[in-house]
1. Residues of the chain: accessible area per residue at 1.4 Å, in Å²?
2. Of the candidates Ile154, Ile211, Ile121, which one comes out as most mobile in a Gaussian network treatment of the chain with C-alpha springs shorter than 10 Å?
3. What distance in nm separates the simple spin-label points at Leu205 and His69, each placed 7 Å from Cα in the Cβ direction?
4. Run a plain Debye calculation on the range 68-117 (Cα atoms as equal point scatterers, no solvent) and give log10 I(q)/I(0) at q = 0.16 Å⁻¹, rounded to two decimals, same order as the q list.
5. Run the Debye formula on the Cα coordinates of the range 1-102, all scatterers equal and no solvent, and tell me log10 I(q)/I(0) at q = 0.12, 0.21, 0.23 1/Å.
6. Kindly provide the chymotrypsin sites (Phe, Trp or Tyr not before Pro) of the range 180-240 that DSSP labels as loop, not H, G, I, E or B, and whose Cβ sees at most 12 other Cβ atoms within 10 Å.
7. For the chain, set up a GNM with springs between Cα atoms under 10 Å and report which of Ala192, Ala224, Ala42 has the largest fluctuation.
8. Below 8 Å, C-alpha to C-alpha, sequence gap of six or more: please give me the relative contact order for the chain in percent.
Amino acid sequence: MPSENELDFSRLPDARPLAPISPRETAREIFALLYHYAGAMARLALLPVSIAFGLTAVALYFSLGAGFHFFVVGAKLYLLVWFAGSVFRLLLLGPGPELARPLPNWRPADGRLALRGLGVIAIAMLVTLPASFIFGSLGGGLGPNGPQPGPWIIAPLVVAAITTLGLSFTLPAAALGRGYGYKRAWRESRGALAPLFGLFVVIVLPVDLAIALIDLLLLQLQLATNLVIPRAAVGTAANYLSVALASTVLAVAFAKRTGWQRPGGQQPLMRMQA
């Protein structure tokens, strides 16, 4: 059952005023929040990162079978979902009990966040299938040797990106309350897809590319020295850094687009301007 403190988005009118997202202003606010809450996010991530790294190390050094590896993957996802939900609540509700006692323990909101995330992935895959069939094999037209690659081969990626971003507002909303479905997410994010995409490209993508480069270098080190711990440690921490950045971008964009404000007081709560 949902908590009494959770918000009920189903009570909102279907149509309500939505604010435009200024990429420059939003980016400044995102960087300011990242700077202000860096310590709090690190505190939230400390135990999940430690547990995830410990499980990874055990899986690397001991042959415990496929069942244990499946358990490790599930535990890592559990910890990442909890961390993402905690970051959403930290930014949108303010510091709460999770920060005072950052123990990974799912609440109904975290289960809802996991289901919404899986739903976004599934819908994006289904919507992308037609574009994959149409453009994936005929991107460059037909040649003597059959279908040729061409610029249109990126069309499925564009469709997947638009669908994912268009439904992404369900994620911060799921961490706060119930009743915010995919239809509302698409309706409220549709006019802000371009700036939202730009924010991810400018803020999240460079970090992910740097992480990929570092991982490649550490892979070379691993192959040369047979040391697996450095790559496992950096990879585990990098996952949480990427999630923190993406969650912050989504939280700020969601708040600015929908008109959310954080009130003051000892127990800050979000309220929506209908």
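1. Spelled out: the 1.4 Å probe surface of the chain, per residue, equals 55 Å².
2. Between Ile154, Ile211, Ile121, it is Ile154 that shows the largest mean-square fluctuation.
3. About 3.3 nm separates the two model spin labels.
4. -0.46
5. -0.64, -1.12, -1.18
6. Sites meeting the loop and neighbour criteria: none at all.
7. Of Ala192, Ala224, Ala42, the most mobile in the Gaussian network model is Ala224.
8. Computed over the chain, the figure is 30 percent.
The values are calculated or read from the model by the stated rules, or taken from the named source; none is laboratory data. Just so we're clear, the structure is a prediction, and the values are computed from it rather than from any experiment. Methodologically, a virtual Cβ is constructed for each residue, glycine included, from the backbone with ideal geometry; neighbour enumeration extends over all protein chains shown. Just so you know, the surface numbers come from the protein's heavy atoms only, side chains and all, with ligands and any DNA or RNA stripped out. Shrake-Rupley method; radii C 1.70, N 1.55, O 1.52, S 1.80 Å.
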